[in-house]
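Beneath this line is the structure, given in structure tokens, with notes to follow.
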Amino acid sequence: MQQDYKEFLNPSCCDIKACPVDTTLKLMGKKFTMHIIRNMLMFKQSRFNQFLDSIEGINPKTLSVRLREMEKDALISRKIYPETPPRVEYTMTEKGHALAPILIQMAEFSMKYCCGDVFIDGKPRTIKQTLSTKALKQLEQ
């Protein structure tokens with residue numbers, strides 16, 4: 001960690017070896033990772049083809065790589081069912097669910113400060129105005 005940060009740290013706490021913000025960005029900052037998390041939380045998607053069909057611009061190779069990375073990072077778990085053909089389902093882990101508030105805050109930021117890019121009429125809105133009660137509850141679970 002750079003020397004510049006040391007003046008902001010509590011010396012009685014501990015030694016920090018990496019910036020916590022950078023660490024989180026490494027988990028969720030890769031292209032399509034947050035889309036996969038969004039779809040798992042909001043739309044309850046759990047299958048490869050569901051993600052492939054609903055995430056614009058993603059291809060099978062990239063999706064496969066992202067799912068493996070997310071599994072390695074313990075954001076999701078993967079279960080293979082012994083069927084013919086084999087069925088694979090992905091579920092959010094506790095660590096993955098912990099990203100839900102960040103996802104909500106990202107959406108709220110865009111709805112307020114990038115409303116011209118988000119909404120046809122360009123007017124800002126809150127997440128409660130935009131999402132249904134059902135969708136909000138699914139994000140909070």
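Here are a few things to note about the model shown:
- The heavy atoms of V21 present about 90 square angstrom of accessible area, all protein chains included, probe 1.4 Å.
- Rg and Dmax of the range 70-141, Cα atoms only, in Å: 16.8, 50
- Sequence of D117, D73 when ordered by accessible area, the most exposed leading, probe 1.4 angstrom: D117, D73
- Of the whole protein surface, C14 contributes about 70 Å² of accessible area at a 1.4 Å probe radius.
- Using a Förster distance of 30 Å, the FRET efficiency for I120-K30 (Cβ separation, nearest 0.05): 0.55
- Solvent-accessible area of R66 with every protein chain in place, 1.4 Å probe, in Å² to the nearest 10: 40
- Relative contact order of the range 1-136, taken over Cα pairs closer than 8 Å and 6 or more residues apart, is 15 percent.
- DSSP-assigned coil residues among GluC sites (Glu not before Pro) in the range 1-98, each with at most 11 further Cβ atoms within 10 Å: E56, E83
- Taking each of K44/K128; K61/K123; K17/K44 in turn, the alpha-carbon distance tops 26 angstrom for K61/K123; K17/K44.
- Separation between Cα centres of the range 18-41 and the range 109-132, rounded to whole Å: 22
- Residues in the range 20-45 that a label on A135 would reach, taking backbone N under 18 Å of a point 7 Å out along Cα→Cβ: 34-45
- Bins of 10 Å from zero: percent of alpha-carbon pairs in the range 1-108: 12, 40, 26, 14, 7, 1
- Length-normalised contact order for the range 62-141 - Cα pairs under 8 Å, 6+ apart - percent: 19
The values are calculated or read from the model by the stated rules, or taken from the named source; none is laboratory data. Keep in mind that what you see is a predicted model, and the values were worked out from it rather than measured. Ideal geometry is used to build each Cβ from the backbone, glycine not excepted, and the neighbour counts take in all protein chains shown. All accessible areas refer to the heavy atoms of the entire protein, side chains included, with ligands and DNA or RNA removed. Shrake-Rupley method; radii C 1.70, N 1.55, O 1.52, S 1.80 Å.
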